[in-house]
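Take a look at the structure set out below.
The values are calculated or read from the model by the stated rules, or taken from the named source; none is laboratory data. This one's a predicted model, so the numbers in the text were calculated from it and none came from an experiment. Quick reminder, even Gly has a Cβ in these numbers, built from the backbone with ideal geometry, and neighbours come from all protein chains shown. All accessible areas refer to the heavy atoms of the entire protein, side chains included, with ligands and DNA or RNA removed. Shrake-Rupley method; radii C 1.70, N 1.55, O 1.52, S 1.80 Å.
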Amino acid sequence: MSNNSNPKPIKKDNRIDNDHHNLDEPYIPGSKHKFEGWPILWILIAIFLIATVLWYTGATPYLIKWIANK
């Protein structure tokens, strides 16, 4: 740090905090990562619900035949 009367820094060697050199402490991870797969989960639920509706309405065999002809 400098001031107007003394333009040179007081200490040049201690600019960076040296706490990262303490390796005696055990590694403590932060909080757990939250689940990021919600979009995939919602897509799978939607596919399951559509397939269930098609199954119970009886349209599944027609849909399978239509896909097979493509």
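Regarding Ile45, is this residue at pLDDT 85 or above, part of a helix (DSSP H, G or I), surrounded by 10 or more Cβ atoms within 10 Å (Cβ to Cβ) and among the β-branched types (Val, Ile, Thr)? In short, yes. Against the condition open to solvent by 90 Å² or more (accessible area, probe 1.4 Å), modelled with pLDDT of 80 or more and of a type in the set (D, E, K, R), how does Lys65 come out, does it pass? Spelling it out, Lys65 is indeed open to solvent by 90 Å² or more (accessible area, probe 1.4 Å), modelled with pLDDT of 80 or more and of a type in the set (D, E, K, R).
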